[in-house]
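Engineer: The structure's right below; bear with me while I get my questions together.
The values are calculated or read from the model by the stated rules, or taken from the named source; none is laboratory data. Here the structure is a predicted model, which is why all the values come from computation and not from measurement. Note: accessible area is taken over every heavy atom of the protein model, side chains too, but ligands, DNA and RNA are not part of it. Shrake-Rupley method; radii C 1.70, N 1.55, O 1.52, S 1.80 Å.
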Amino acid sequence: MGIDPFILDVVIYVLMGISVLSMVRVFAGPTPEDRLVGLNLVVAQVLGILVIIAVKFDRSIYLDVALVYAILGFIGILAIARYLGNDRGGE
Amino acid sequence: MIIPQIIIILLIILGILSLQFKDLLNAVISLAIFSLLSSLLFYYLHAPDVSIAEAAVGAGVATVIFIAVIGKTRRKEE
Amino acid sequence: MKESEIVSVISRKLVPYILIFGLYLISYGHLSPGGGFQGGVVLASGIILLALARGTDSAQKLFPEKNLRIVEAKAFFLFLFMGIGGLVAGGYFLQNFLPLGKAGEVPSAGFIFFLNLIIGLKVSAGISLICFYLLKGE
Amino acid sequence: MKLKLLGEFLIFVVFGFVLIFGIDFIPPPPSGLKNYFVCQGVRQTGAINLVSSIYLGYRAFDTLGETIVLILVVSGIVMLLEKKDKE
């Protein structure tokens with residue numbers, strides 16, 4: 001019942017490949033701002049992977065983990081961005 | 001399935017990278033992705049309790065504490 | 001640095017939902033993934049978001065530092081009293097002395113629900129106190 | 001600098017090999033306790049989430065120790081940073 005598991009596997013692999021590609025920007029970004037954008041991209045794609053794995057395993061309570069990450073994922077990014085803004089503003 | 005192997009290799013790369021950075025801000029960003037991927041690994045291995053704890057601590061609290069400590073000390077490592 | 005209008009407004013609207021979600025994680029800790037520590041960290045993250053976006057002084061109007069310290073200290077003694085309650089009821093230390101109820105409903109597992117609540121309040125008070133002290137100097 | 005990096009890499013490889021091939025010699029964990037928790041846990045503590053029923057039901061004394069650790073951390077940080085403000 002539901003979606004074909006093969007399609008879900010393909011979607012998980014594609015999202016994993018995209019997040020590996022966007023991790024290249026984290027590995028080789030010249031400035032911290034580039035790495036921050038890479039972190040933001042990876043958070044969004046891993047969130048998609050979490051939801052699709054919950055659909056694949058057919059457990060609705062596993063969606064809590066994705067909800068926690070969706071709510072709290074941007075607090076760290078906000079802290080880093082605030083520090084960068086303070087650093088530039090102080091110069 | 002090959003997803004856990006990919007995640008473990010990425011975890012090793014991120015750990016070595018966060019040791020090698022001279023700018024500590026980059027190390028903090030790399031550790032944030034490290035905790036995100038380890039949370040995904042726990043989730044994949046059917047341990048949602050540990051995954052929630054790792055996601056909440058790694059995404060919110062640990063990054064804020066690291067950034068506050070960097071703000072109180074120096075940013076570059078010599 | 002100038003405070004951003006968007007971040008301030010969005011965080012003010014988002015914090016109540018984060019607190020409600022943390023209370024959900026704590027109070028359903030014996031039925032679904034989650035529990036005292038995880039829910040407490042989510043509650044603390046809501047307070048930290050308020051302190052990051054609007055400054056620590058604005059966050060301390062809602063969650064004063066004195067109250068957090070009181071919660072942190074009193075929750076530990078509440079935990080000890082729950083343990084002694086098992087001793088009074090005629091068993092061993094930290095025995096489950098409340099009625100168990102039917103498994104699967106919300107007021108089941110008598111003792112575990114209250115312990116989850118105590119641990120959640122204690123963890124949230126402790127972590128937000130640490131972050132207040134660290135963020136205060138900026 | 002290069003030599004130090006080589007040393008780190010050598011330590012990494014040696015420990016990796018020890019861990020990978022050492023796993024074969026570890027005896028499998030005893031399954032009696034696991035079976036006891038899975039069979040009796042829900043009936044004895046009334047909680048469906050087995051993790052919660054173990055760390056607050058069977059092993060609640062460990063959780064008491066964890067709360068002591070947290071209260072020590074908080075009091076240490078408050079002591080260290082409050083002294084700085086007064087000076």
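Engineer: Probe radius 1.4 Å, ligands and nucleic acids left out: can you give me the accessible area buried at the C-D interface, summed over both chains, in Å² to the nearest hundred? Numbers along the way, then the final one.
Structural biologist: Details: alone 8750 and 8260 Å², together 14650 Å².
Buried surface at the C/D interface: approximately 2400 Å².
Engineer: Can you list the aspartates and glutamates whose alpha carbon sits under 12 Å from that of B:LYS22, skipping same-chain ones fewer than 8 residues off?
Structural biologist: Reachable aspartates and glutamates: B:GLU77, B:GLU78.
Engineer: Now for a different question. With a/c under 1.5 counting as rounded, go ahead and sort chain B into rounded, prolate or oblate using the C-alpha gyration tensor (a ≥ b ≥ c being the square roots of the eigenvalues; past the cut-off, prolate if a/b is larger than b/c, else oblate).
Structural biologist: Details: a/c = 4.98, a/b = 1.60, b/c = 3.12.
The shape class here is oblate.
Engineer: So, with a 1.4 angstrom probe, what is the percent of accessible area on the range A:5-87 that is carbon and sulfur?
Structural biologist: Values: 2590 of 3580 Å².
Roughly 72 percent, rounded to a whole number.
Engineer: Given a 1.4 angstrom probe, I'd like the percentage of the accessible area of chain B that is carbon and sulfur, rounded to a whole number. Mind showing how you got there, number by number?
Structural biologist: Working: 2410 of 3320 Å².
That fraction is 73 percent.
Engineer: Which links in A:LYS56/C:LYS13; B:LYS72/C:LYS74; B:LYS76/D:LYS2; C:LYS61/C:LYS122; C:LYS13/C:LYS74 stretch past 24 Å when you go from one Cα to the other? Write out the running numbers ahead of the final one.
Structural biologist: Values: A:LYS56/C:LYS13 33 Å; B:LYS72/C:LYS74 31 Å; B:LYS76/D:LYS2 21 Å; C:LYS61/C:LYS122 20 Å; C:LYS13/C:LYS74 30 Å.
Cα-Cα > 24 Å for A:LYS56/C:LYS13; B:LYS72/C:LYS74; C:LYS13/C:LYS74; rest within.
Engineer: Chains B and C: what accessible area do they bury, summed, in square angstrom to the nearest 100, with a 1.4 Å probe?
Structural biologist: Working: alone 5750 and 8750 Å², together 13340 Å².
Using a 1.4 Å probe on protein heavy atoms, the buried area is about 1200 Å².
Engineer: With a 1.4 Å probe, how much accessible area is buried between chains A and B, both sides summed, in Å² to the nearest hundred?
Structural biologist: Details: alone 6830 and 5750 Å², together 9180 Å².
Counting protein atoms only, the buried area is about 3400 Å².
Engineer: Would you mind telling me the share, in percent, of accessible area of chain D contributed by carbon and sulfur at probe 1.4 angstrom?
Structural biologist: Working: 5160 of 6880 Å².
For chain D, the apolar C and S fraction of the accessible surface comes to 75 percent.
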